[in-house]
């Protein structure tokens, strides 16, 4: 596996070793020892999630104020523009964002540690995203940052207005967001 730091050093792009031949390919999508050795990720994953999206769907920016979740995100169909926003108030990168394009073709993954809001824009129809989480989903602790907050200024690769849920449309700007506890 190859590990690359993003603009926010705690957010990591992980490229697994892919073994391919005329039959297809094989890769390890998760290996606890390798993640600890190569990326320093020593957290236990307790939940796997799977979502499907059409092109132009924007999900996020989600976070939990308690039971904060680290996420190991990958795409098994289609492609996404994946974004992590640092919401750790005492962090030198507070309010900054990092992005990576993940796709079924590039087979890259991104590690988003606890303390970040997460979202993505689906770049193709039939996109399927899988991610492992370090804590359980807790809807009572879930919050949402406004995906187009001018203070964060994410450069989404949009062609027209994205399709967002009602919850995501009602996200709040970072300056008035409830802090992590």
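If you go through segment 62-78, how many residues are surrounded by fewer than 17 Cβ atoms within 10 Å (Cβ to Cβ) and not in a loop (DSSP other than H, G, I, E, B)?
Counting residues in segment 62-78 that are surrounded by fewer than 17 Cβ atoms within 10 Å (Cβ to Cβ) and not in a loop (DSSP other than H, G, I, E, B) gives 2.
Taking residue 72 and the conditions (1) touching a strand residue (DSSP E or B) at 6+ places or on another chain (Cβ under 8 Å); (2) farther than 23 Å from residue 137 by Cα, which numbered condition does it fall short on, given that it satisfies the others?
(2) is the only condition that residue 72 fails.
Any chance you could count how many residues in segment 88-105 are over 19 Å from residue 171 (Cβ atoms), under 16 Å from the mean Cα position of the chain (by Cα) and part of a loop (DSSP other than H, G, I, E, B)?
Matching residues across segment 88-105 total 1.
In this structure, is residue 59 in contact with a helix residue (DSSP H, G or I) (Cβ under 8 Å, 6 or more places away or on another chain) and closer than 19 Å to residue 126 by Cβ?
It is true that residue 59 is in contact with a helix residue (DSSP H, G or I) (Cβ under 8 Å, 6 or more places away or on another chain) and closer than 19 Å to residue 126 by Cβ.
For segment 106-121, name all the residues that are within 15 Å of residue 10 (Cα to Cα) and within 10 Å of the chain's Cα centre (by Cα).
If the condition is that a residue be within 15 Å of residue 10 (Cα to Cα) and within 10 Å of the chain's Cα centre (by Cα), then 109, 110, 111, 112, 113, 116, 117, 118 are the ones that fit.
Quick one: which residue in 89, 32, 2 is surrounded by fewer than 17 Cβ atoms within 10 Å (Cβ to Cβ), in contact (Cβ under 8 Å) with a residue 12 or more places away in the chain and under 27 Å from residue 138 (Cα atoms)?
89
From the set of residues in segment 139-152 that are touching a residue at least 40 places away in the same chain (Cβ under 8 Å) and under 17 Å from the mean Cα position of the chain (by Cα), which is surrounded by the fewest Cβ atoms within 10 Å (Cβ to Cβ)?
The residue in question is 142.
Within segment 45-61, identify whether any single residue is closer than 17 Å to residue 116 by Cα, at pLDDT 95 or above and in a loop (DSSP other than H, G, I, E, B), and answer yes or no.
Looking for residues that are closer than 17 Å to residue 116 by Cα, at pLDDT 95 or above and in a loop (DSSP other than H, G, I, E, B), one finds at least one in segment 45-61, hence yes.
Scan segment 168-181 for residues that are closer than 21 Å to residue 57 by Cβ and outside any helix (DSSP H, G or I) and jot them down.
170, 171, 172
Could you tell me which residue of segment 128-167 is modelled with the lowest pLDDT, considering only residues that are part of a helix (DSSP H, G or I) and touching a strand residue (DSSP E or B) at 6+ places or on another chain (Cβ under 8 Å)?
167
How about segment 73-112: which of its residues are farther than 24 Å from residue 177 by Cα and either touching a helix residue (DSSP H, G or I) at 6+ places or on another chain (Cβ under 8 Å) or modelled with pLDDT under 95 (or both)?
none
The values are calculated or read from the model by the stated rules, or taken from the named source; none is laboratory data. As the structure is a computational prediction, the values presented were derived from the model and not from experiment. Using ideal geometry, Cβ is built from the backbone for each residue, glycine included, and neighbour counts are taken over all protein chains shown.
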